[in-house]
Structure formats: C-alpha cells, structure tokens
1. Here are some residues: ARG7, ARG25. Which one is assigned by TED's automatic domain parsing to the domain that holds GLY106 and farther than 14 Å from TYR110 by Cβ?
2. If you check ARG267 against the conditions, is it in the same structural domain as ALA182 (by TED's automatic domain parsing) and farther than 29 Å from GLY177 by Cβ?
3. Assuming THR68 fulfils every condition listed in (1) β-branched (Val, Ile, Thr); (2) without any contact (Cβ under 8 Å) to a residue 12 or more places away in the chain; (3) closer than 25 Å to ASP329 by Cβ apart from one, which condition is it?
4. Among the residues of the range 192-203, is there at least one that is of a type outside the set (Asp, Glu) and surrounded by fewer than 22 Cβ atoms within 10 Å (Cβ to Cβ)?
5. So, in the range 215-242, how many residues would count as being in contact (Cβ under 8 Å) with a residue 60 or more places away in the chain and in a loop (DSSP other than H, G, I, E, B)?
6. Do you know which of the residues in the range 293-339 that are in a loop (DSSP other than H, G, I, E, B) and of a type in the set (Asp, Glu) is farthest from the chain's Cα centre (by Cα)?
7. Of all residues in the range 209-245, count the ones that are at positive phi and surrounded by 15 or more Cβ atoms within 10 Å (Cβ to Cβ).
8. Which of the residues belonging to the range 81-115 are in contact (Cβ under 8 Å) with a residue 12 or more places away in the chain and more than 21 Å from the chain's Cα centre (by Cα)?
Amino acid sequence: MTRRTVRIAMNGVTGRMGYRQHLLRSVLAIREQGGVDLGGGEVLWPEPVLVGRRDHALKEIAERHGLTEWSTDLDAVLADDTIDVYFDAQVTSARVEALKKAIDAGKHIYTEKPTATDLEGALQLARLARTAGIKHGVVQDKIFLPGLLKLKRLIDGGFFGEILSVRGEFGYWVFEGDWQDAQRPSWNYRSEDGGGIAVDMFPHWEYVLHELFGRVLSVQAHITTHIPRRWDEQGKPYAATADDAAYGIFELDGGAVAQINSSWAVRVNRDELVEFQVDGVHGSAVAGLRNCRVQHRSATPKPVWNPDLPVTESFRDQWQEVPDNTEFDNGFKAQWELFLRHVVLDEPYQWDLLAGARGVQLAELGLRSSAEGRRFDVPELTL
C-alpha cells in the first residue's frame with residue numbers, strides 16, 4: 001500500500017474534547033487501523049503536530065502516544081509548508097484569531113464549534129475561507145451517532161409518515177465544584193470566556209434539526225442561569241455569568257415543531273444523556289446516543305386517563321428496539337475520515353464554515369429571543 005501523508009496541526013489537544021475525541025479516538029484511531037483506505041492501493045495517513053500553550057502537557061501527550069512533534073508557537077507551525085490542515089479545539093474565545101491565521105497561511109480548516117462568538121465573525125470566517133480557496137469543515141458529530149443514524153434510517157424509509165413534532169432532552173447535573181469537583185471546565189460558566197449552554201448546544205441542535213427534519217425557520221427561547229455561584233479548578237468561588245439552561249422551541253421547514261431542553265442543572269431520568277422523541281402520523285421513535293426505539297401506529301396501545309387507578313402497564317415495554325444492522329464507528333472519527341477524503345480526493349463535503357455559521361446564528365437569535373421575550377424568524381444564510 002502506498003501511504004499518502006496529511007500533516008495536521010491540532011490546536012487544543014490538552015483539553016478534554018480535543019484530546020479524547022479528536023486526537024485519541026479519531027486521528028490516532030485512524031492510524032491504528034492503518035490509515036484511511038483511498039482505493040487503488042493508496043491509504044491516507046494522518047500525521048498530527050500537537051499545538052497548545054503548555055509545553056509540558058504537549059510533551060507528555062506526545063510521549064504517551066509515540067508522537068514526535070509539538071509546539072507552543074502557532075505562528076511557526078502555520079508557517080511550515082508541510083502542514084496541510086489546521087484543526088482547532090481551543091476555547092471559543094481564542095478560535096477566530098487562530099482560524100484567520102490558518103486561512104491566511106493557506107491551510108485547510110477543520111474546527112470545533114461554535115466557530116465564532118457572533119454571527120458576523122462566523123460569516124467572516126466563511127467568506128475568508130471561500131476567498132482563499134481552501135477546504136473547510138466544522139465538527140457536527142451528533143448526526144454520526146448510532147442512535148441518530150438509526151433515526152435517519154427510519155426517516156429515509158418513510159416510517160413516520162408526516163412528522164409532527166420533535167422533543168429533545170439533553171443534560172445532566174454538573175457539580176458546582178465546592179463539595180465535589182465539577183466535571184466541566186469553569187470557563188463554560190463565564191460568558192466573558194465564551195461560555196454558556198446556548199452557544200454550546202444550540203449549534204448542535206441547528207445541524208441535527210437541519211439534517212434530519214428541515215431548516216429551522218423560527219426560534220423562541222428561555223435561557224437562564226440556575227446556579228449563579230460555582231467553584232473553579234483551584235477551589236475558588238466565582239460568579240457564573242453564563243447560562244446553564246436553555247429551553248427552545250423551533251419551527252421547522254415542513255411544519256414540524258421541535259422543543260429541546262438543554263441543562264447542566266438537571267438530574268438524569270432517561271436512558272441516555274440526550275434523547276429525541278419524534279412523533280409522526282404513522283409512528284414514533286425515541287433516539288439517544290446509541291439506541292433507538294419505535295412504536296408503529298399498528299402497535300400503539302389505547303391508554304385511558306384514569307387518575308383513580310394505578311398504572312398496570314409498562315409504557316416503555318410497548319416499544320421495539322431498532323437493530324444496529326451495521327457496525328457504527330465513533331462519530332467524531334467518521335467525520336474526520338470524510339473531511340480528510342474531502343481534502344485529498346475533493347469528495348463532496350457539506351458541513352463547512354457556512355453550516356457552522358448557521359449554528360452561531362441560532363444561538364445568537366436564541367439568546368436575543370430570551371432577552372427580549374420574542375419569537376424570531378431565522379433568515380437563510382448566504383455568502
């Protein structure tokens with residue numbers, strides 16, 4: 001097999017998401033499988049160059065995984081003509097400047113979301129990338145999850161008939177940090193550092209809804225901070241200036257309505273940390289990260305409301321599990337492979353910086369809706 005190497009500057013791999021999902025379970029996993037088979041006896045081989053602010057942390061990660069290249073000098077890395085792709089998993093507030101530098105250096109772009117802190121910044125990045133003629137992609141991992149892939153299979157097969165509504169529940173209790181360590185970084189709860197669940201999760205909901213059910217036409221949201229005081233990584237208290245819960249109603253192209261609750265101040269009483277219930281005329285489904293259950297109209301029972309009698313049936317047992325019928329790869333890794341094939345083979349790829357800008361737009365309008373107590377239309381974006 002002939003090896004075709006793509007060198008990737010990976011910025012932000014000392015963070016939880018950048019390390020676990022993008023380096024360990026995506027790029028390194030691709031190397032462990034022998035690369036990406038391009039056909040014709042050729043494989044694509046990703047070569048990561050680790051970038052960050054803490055030299056000792058980068059060195060430790062590199063040595064742990066047998067890597068040889070890391071740097072705290074982003075400018076020098078981008079000036080290296082052998083670097084093909086720049087990947088960004090930094091905190092949101094640092095992302096725009098780094099992406100602009102990478103675009104100016106002529107590197108292809110792959111980035112976490114949100115791509116910017118506001119819509120104008122996100123659109124500017126998309127315009128700059130188009131002008132530069134580079135390839136660009138935005139991580140939209142949820143649509144590559146097994147549960148949502150099964151859901152898409154149901155949609156494509158006509159299982160639902162007319163889709164009426166989508167209801168999503170996402171979140172879990174993030175400890176405040178005083179008597180138990182918080183399982184999310186403190187910057188997530190400071191708006192001045194780009195934190196907030198709306199700017200984090202509304203971009204996810206935009207592409208999930210857009211890809212599976214139709215473009216979001218309008219948004220009405222209530223966004224709030226339930227826990228106003230938290231403790232940081234050093235055990236010091238701080239004011240949580242960013243929102244930790246967002247409740248949104250989205251009108252979709254085609255007439256369906258989606259309601260999605262996102263919260264870091266909710267205790268989980270569901271099978272998975274995120275679940276979507278889709279109700280259609282011909283059937284319903286509940287999809288999570290991995291699993292999907294269905295109830296067809298021919299098998300739908302006829303409950304009768306009677307608060308004077310105890311429930312004698314298990315409603316959950318009346319649903320049928322959707323089989324895998326295939327082997328599902330890690331969602332982040334699957335999208336990495338598609339983007340790298342896009343870079344080297346020019347295969348079609350739709351999840352670009354304009355798609356990323358739609359997510360920023362929805363978060364921005366959601367926050368505005370909550371602040372003003374109004375419903376807002378979501379204009380279609382063009383460059």
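The values are calculated or read from the model by the stated rules, or taken from the named source; none is laboratory data. Since we're looking at a predicted model, the values are computed, not measured. Ideal geometry is used to build each Cβ from the backbone, glycine not excepted, and the neighbour counts take in all protein chains shown.
1. Details: ARG7 fails: farther than 14 Å from TYR110 by Cβ.
That would be ARG25, the only listed residue that is assigned by TED's automatic domain parsing to the domain that holds GLY106 and farther than 14 Å from TYR110 by Cβ.
2. Numbers: in the same structural domain as ALA182 (by TED's automatic domain parsing): yes; farther than 29 Å from GLY177 by Cβ: no.
Criteria not met by ARG267.
3. Of everything listed in (1) β-branched (Val, Ile, Thr); (2) without any contact (Cβ under 8 Å) to a residue 12 or more places away in the chain; (3) closer than 25 Å to ASP329 by Cβ, THR68 misses just condition (3).
4. The first filter runs over the range 192-203 and keeps only residues of a type outside the set (Asp, Glu), leaving 194-199, 201-203.
Pick out the ones that are also surrounded by fewer than 22 Cβ atoms within 10 Å (Cβ to Cβ) and you get 194.
Looking for residues that are of a type outside the set (Asp, Glu) and surrounded by fewer than 22 Cβ atoms within 10 Å (Cβ to Cβ), one finds at least one in the range 192-203, hence yes.
5. In the first step, residues of the range 215-242 are kept if they are in contact (Cβ under 8 Å) with a residue 60 or more places away in the chain; the result is 215-224.
Okay, now just the ones that are also in a loop (DSSP other than H, G, I, E, B), so 215.
Matching residues across the range 215-242 total 1.
6. Step by step, filter the range 293-339, then rank; the result is ASP308.
7. Going residue by residue through the range 209-245, those that are at positive phi are 214, 235.
Going one step further and asking which of them are surrounded by 15 or more Cβ atoms within 10 Å (Cβ to Cβ), we end up with 214.
Total satisfying the criteria: 1.
8. THR82, ILE83, ASP84, LYS100, LYS101, ALA102, ILE103, ASP104, ALA105, GLY106, LYS107
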